[in-house]
Amino acid sequence: MSDPAAALDARILAAIAAYALDDDAFLALAVDLFAYQIANNRPYAAFARSLGFDADRLPQSLEEIPAAPAAAFKEQRLATFPPQQCVLWFQTSGTTQGTGGRHEFDSPALYEAALLASFDRMMLADGQRLRYLLLVPDPRHHPHSSLGFMMDVVAEWRGDGEHGWYVSDDALALEPFLDDVQRACSEDRPVCLATTAFALVALLDALASASSTLSLPRGSRIMETGGFKGRSRIVQRDDLYREAAHRLGVPISMIVAEYGMTELSSQYYDALESRSVTEPRVKRAPPWLRSLVVDDQGRPVPDGIVGSIRHIDLANRGSVIAVDTEDLGAAVAGGLVLLGREPGAELRGCSLDAETLLRRRG
Amino acid sequence: MAEETLRDLPARAIIGHIAEAAARWRNADFPPRVRATASIEARLGYSLPVIEYALDRLFFGITAQGLETAITAELGSVETLDGPLLHESAVGAWARGVEWAVVVSSDTTVGVALPAALFALCAKARVVVKDRSDALVAGFFETLAEEHPAFSHAAIALPWDGGSDPIEDELFTTADVVVAYGRDEALAAIRGRCGPETRFVPFGHRASIGRLSARGVQELDAMRADALVRDALLYDGEGCLSLHATFVTGRTGALAQVASLLAAAGERAALEFPVGTRTPERIAAIAGYRNLSRYRAATRGGAMIDTGTAVVVEGSLDAPPPFLPGALVVIPISGDDDVAAYVAAHQLPVQALGVDVVDPAAIELAARIGAVRVCLFGTMQDPPLAGHHGGEPRISPFVRWLDTQ
């Protein structure tokens with residue numbers, strides 16, 4: 001790792017450890033990080049230059065920092081270090097487009113520090129040491145899943161020494177899961193069920209078809225993540241959480257949504273104070289991650305107005321600091337409210353669309 | 001005295017009534033049209049000029065001559081709908097209309113269900129239209145009933161709410177013909193509810209593309225660019241006849257010139273046809289595409305002009321069209337083989353091929369790529385009533401031939 005990279009990492013790690021970073025300090029670090037990235041990441045530098053920014057003209061505000069579209073990770077390598085220094089990479093899913101890309105790292109240190117610091121505060125504020133039941137991609141089979149990696153780190157460093165993976169090739173291994181739930185119950189060991197929304201639906205469907213309910217040990221919680229893009233079945237979050245509470249015996253306030261993406265190194269979680277309801281929940285970022293809600297021209301919109309979400313993630317030291325997404329949300333006091341697809345949105349027109357084309361092509 | 005039905009009327013009389021009703025709807029101040037316009041605007045979010053343009057195209061196209069031309073082209077004569085006509089072979093043939101036709105417009109393309117319904121009526125079939133934008137079809141059917149009471153029982157408009165109306169089971173199983181417009185899933189679901197003998201005519205979602213010849217590139221001026229851009233931007237590019245990608249033949253540098261002309265035309269088009277209301281998802285998708293295009297232009301080169309309301313992007317043969325409002329994709333090619341390879345590689349079901357000149361090469365290209373229409377730029381969104389939408393006949397699905405010997 002180069003000296004500038006190491007120096008930046010030290011500053012970012014300090015912010016993560018302190019779990020605090022005021023606006024001025026954030027901007028100063030962000031600008032330094034941007035300068036480092038355009039010096040070492042050629043595509044990002046070209047993109048920034050097309051928007052009028054280079055080493056001689058650095059952004060003066062967070063709004064000015066050029067944000068690479070998330071899809072740019074699929075276009076070419078977006079890294080500040082040579083390929084041979086890559087020690088970890090995650091496959092970006094590509095949402096409704098075909099091919100994925102890679103988010104590369106020359107060190108796992110920032111990623112691990114960031115995820116643990118957030119997880120500790122947003123999922124383990126009570127300091128519990130939990131048993132992790134993982135309905136997310138198993139890193140043994142999916143070594144480039146960011147979610148699998150994240151939960152593997154959490155289970156390793158924050159678990160009780162026993163954890164299990166129950167999803168393989170998109171299929172739920174129900175019997176081993178139920179056996180391990182039974183064991184946790186008999187040991188009165190609270191669990192953290194970390195699951196994708198889709199896997200949770202599959203679990204609840206399986207329990208419902210067996211007319212079965214579970215009662216997870218007191219103190220258990222659920223971390224749910226991901227949406228339903230590309231899935232044939234979509235369940236509204238309110239229905240999902242109510243059914244999960246009913247079938248798994250976990251209070252709704254202990255069901256927490258994590259919001260992250262492979263192109264980032266940090267995660268958002270439901271703010272503690274918004275967990276008493278299912279909707280709307282406010283997503284809270286850690287101090288080294290900021291979001292802007294922007295309009296179709298990339299201009300920030302006022303709080304409460306819906307727009308696309310842009311992330312500025314200082315832990316993305318090895319790639320790009322700012323990432324534009326097509327996720328919708330609105331800035332509110334204390335965080336961000338994500339908006340899903342409008343179920344009743346009017347369909348227009350008889351044109352082919354990208355999703356249909358992709359589906360037809362298999 | 002029993003009320004007259006469509007079967008009691010000569011086909012030419014039916015055509016006359018339809019044409020008269022359409023003539024009333026050509027008046028933008030005709031109250032039912034005003035109501036339909038407001039309903040479409042509220043439901044779909046298109047701007048008023050866009051809706052007025054769509055309704056003008058629709059109703060100015062519905063004429064007695066247009067209907068007669070289409071029917072004669074397919075059936076030989078209009079009178080064959082009235083009873084057996086003796087042919088030279090001494091075999092009589094009667095293009096007898098079916099009893100019931102159902103037309104489902106599961107998506108909200110403005111007025112898409114109407115031509116099919118009108119041809120069914122010309123065949124003297126009773127027709128039920130299930131349409132999301134029912135204010136338009138229902139309003140027009142009311143006008144028809146004012147023209148002649150036989151239409152009041154023969155032309156029925158009901159709302160389509162996604163397929164949950166219990167009446168549909170009976171409709172679909174008993175109809176002689178079901179014509180359906182929609183996405184793959186909707187068509188599959190409707191098809192599955194039809195009776196075993198029901199004639200099912202599906203119109204799935206398709207794409208349209210354009211090809212500028214080398215000469216077309218040379219001759220491209222502001223007026224021609226306006227025509228091309230209107231094909232692309234009207235209805236937010238959401239029609240099967242919308243121009244989704246334009247292939248540009250020619251020398252290096254031609255593309256930049258074309259992109260520049262199209263961008264200027266895009267700005268003019270935005271004044272004539274203002275952008276309406278879009279969903280936040282759509283807005284985010286457009287913004288995402290614009291950002292990605294800017295990123296690609298910065299990192300790989302290539303044309304990218306953003307006018308605010310439209311974005312002209314140099315596309316690649318490797319990527320399918322984005323299918324997004326306001327996106328004008330121009331793709332450089334060395335010849336028509338590139339277009340055919342593109343369509344095959346991306347498995348594009350092509351509706352129309354827009355060209356600068358309809359010559360044998362254009363027709364050959366259209367045939368190669370499976371297009372069902374080849375036409376000049378500027379007319380892509382204005383198909384003739386007698387045209388074979390989706391490659392299908394207009395009135396034939398609604399008749400069963402009765403031979404008399």
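Tabulated data for the structure shown
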{"item": "Residue list for the stretch B:189-202, restricted to those being within 27 Å of B:Tyr342 (Cα to Cα) and at pLDDT below 95", "result": "none"}
{"item": "Qualifying strands (runs of 3 or more DSSP E) (wholly inside the stretch B:320-405; at least 1 residues being under 30 Å from B:Ala285 (Cβ atoms))", "result": "B:327-333, B:350-355, B:373-376"}
{"item": "Yes/no for B:Asp356 being in the same structural domain as B:Arg215 (by TED's automatic domain parsing) and under 22 Å from B:Arg224 (Cα atoms)", "result": "yes"}
{"item": "Options B:Gly239, B:Gly266, B:Gly210: the member that is buried (at least 24 other Cβ atoms within 10 Å of the Cβ), within 30 Å of A:Val323 (Cα to Cα) and under 26 Å from the mean Cα position of the chain (by Cα)", "result": "B:Gly266"}
{"item": "Selection within the stretch B:282-294 - more than 7 Å from chain A (Cβ to nearest Cβ), under 16 Å from B:Gly237 (Cα atoms) and crowded, with 22+ Cβ neighbours inside 10 Å", "result": "B:Tyr289, B:Arg290"}
{"item": "Checklist (1) part of a loop (DSSP other than H, G, I, E, B); (2) in the same structural domain as A:Val332 (by TED's automatic domain parsing); (3) of a type outside the set (Ser, Thr, Tyr); (4) under 30 Å from A:Pro82 (Cα atoms) applied to A:His311, failing item", "result": "(1)"}
{"item": "Residues within the stretch B:81-108 that are out of contact with any helix residue (DSSP H, G or I) (no Cβ under 7 Å at 6 or more places or on another chain) and modelled with pLDDT of 80 or more, tallied", "result": "5"}
{"item": "Count of residues meeting criterion [loosely packed, with under 15 Cβ neighbours inside 10 Å and within 22 Å of A:Arg284 (Cα to Cα)] in the stretch A:1-24", "result": "8"}
{"item": "Identity of the residue in the stretch A:40-80, part of a helix (DSSP H, G or I) and in contact (Cβ under 8 Å) with a residue 40 or more places away in the chain, that ends up nearest to the chain's Cα centre (by Cα)", "result": "A:Ala70"}
{"item": "Residues satisfying the stated conditions in the stretch A:184-196, i.e. part of a helix (DSSP H, G or I) and in contact with a Lys or Arg (Cβ under 8 Å, 6 or more places away or on another chain)", "result": "A:Ala184"}
{"item": "Only one of A:Glu258, A:Glu263 that is within 14 Å of chain B (Cβ to nearest Cβ) and under 16 Å from the mean Cα position of the chain (by Cα)", "result": "A:Glu263"}
{"item": "Helices (runs of 4 or more DSSP H) enclosed by the stretch B:152-245 - at least 1 residues per element that are among the polar types (S, T, N, Q), closer than 30 Å to B:Glu99 by Cα and more than 14 Å from every other protein chain (Cβ to nearest Cβ)", "result": "B:167-174"}
{"item": "Residues of the stretch B:57-66 that turn out to be in contact (Cβ under 8 Å) with a residue 40 or more places away in the chain and either within 20 Å of B:Met380 (Cα to Cα) or not in a helix (DSSP H, G or I) (or both), as a count", "result": "6"}
{"item": "Counted residues, the stretch A:50-78 - those being more than 14 Å from chain B (Cβ to nearest Cβ) and under 17 Å from A:Gly318 (Cβ atoms)", "result": "0"}
{"item": "Matching residues, the stretch A:148-176, being within 22 Å of the chain's Cα centre (by Cα) and of a type in the set (D, E, K, R)", "result": "A:Asp152, A:Glu156, A:Arg158, A:Asp169, A:Asp170"}
{"item": "Residues located in the stretch B:267-281, provided they are in contact (Cβ under 8 Å) with a residue 40 or more places away in the chain and either in a helix (DSSP H, G or I) or more than 14 Å from chain A (Cβ to nearest Cβ) (or both)", "result": "B:Glu267, B:Arg268, B:Ala269, B:Ala270, B:Glu272, B:Phe273, B:Pro274"}
{"item": "Options A:Leu314, A:Leu289; residue that is at pLDDT 95 or above, more than 10 Å from chain B (Cβ to nearest Cβ) and surrounded by 24 or more Cβ atoms within 10 Å (Cβ to Cβ)", "result": "A:Leu314"}
{"item": "Search result, residues across the stretch A:268-301 that are in a strand (DSSP E or B) and acidic (Asp, Glu)", "result": "A:Asp270"}
{"item": "Unmet criterion (only one of (1) farther than 27 Å from A:Asp238 by Cα; (2) surrounded by 14 or more Cβ atoms within 10 Å (Cβ to Cβ)) for A:Pro176", "result": "(2)"}
{"item": "Test: residue in the stretch B:127-144 that is within 14 Å of another protein chain (Cβ to nearest Cβ) and either touching an Asp or Glu at 6+ places or on another chain (Cβ under 6 Å) or farther than 23 Å from A:Arg348 by Cα (or both)", "result": "no"}
{"item": "Residue tally, condition within 15 Å of B:Gly111 (Cα to Cα) and either surrounded by 14 or more Cβ atoms within 10 Å (Cβ to Cβ) or of a type in the set (S, T, N, Q) (or both), over the stretch B:29-44", "result": "10"}
{"item": "Filter result for A:Met223 (under 24 Å from A:Arg275 (Cβ atoms), assigned to a helix (DSSP H, G or I) and not polar (S, T, N, Q))", "result": "no"}
{"item": "Selection status of B:Lys124, in a loop (DSSP other than H, G, I, E, B) and either crowded, with 16+ Cβ neighbours inside 10 Å or within 14 Å of chain A (Cβ to nearest Cβ) (or both)", "result": "yes"}
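Residue-by-condition table, conditions (1) outside any loop (DSSP other than H, G, I, E, B); (2) in contact (Cβ under 8 Å) with a residue 60 or more places away in the chain:
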| position | (1), (2) |
| --- | --- |
| A:Ser266 | no, yes |
| A:Asp303 | no, no |
| A:Glu326 | yes, yes |
| A:Val337 | yes, no |
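To keep it simple, each residue is scored yes or no on (1) closer than 21 Å to B:Pro149 by Cα; (2) in contact (Cβ under 8 Å) with a residue 40 or more places away in the chain; (3) more than 22 Å from the chain's Cα centre (by Cα); (4) not in a helix (DSSP H, G or I).
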residue: B:Arg7; (1), (2), (3), (4): yes, yes, yes, no
residue: B:Ala19; (1), (2), (3), (4): yes, yes, no, no
residue: B:Arg33; (1), (2), (3), (4): yes, yes, no, no
residue: B:Tyr46; (1), (2), (3), (4): no, yes, no, yes
residue: B:Pro49; (1), (2), (3), (4): no, yes, no, no
residue: B:Leu55; (1), (2), (3), (4): no, yes, no, no
residue: B:Ser77; (1), (2), (3), (4): no, no, yes, yes
residue: B:Thr80; (1), (2), (3), (4): no, no, yes, no
residue: B:Ala95; (1), (2), (3), (4): no, yes, yes, yes
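The values are calculated or read from the model by the stated rules, or taken from the named source; none is laboratory data. Every value quoted in this text rests on a predicted model; they were computed, and no experiment measured them. Positions of Cβ are backbone-derived with ideal geometry, glycine not excepted, and every protein chain shown enters the neighbour counts.
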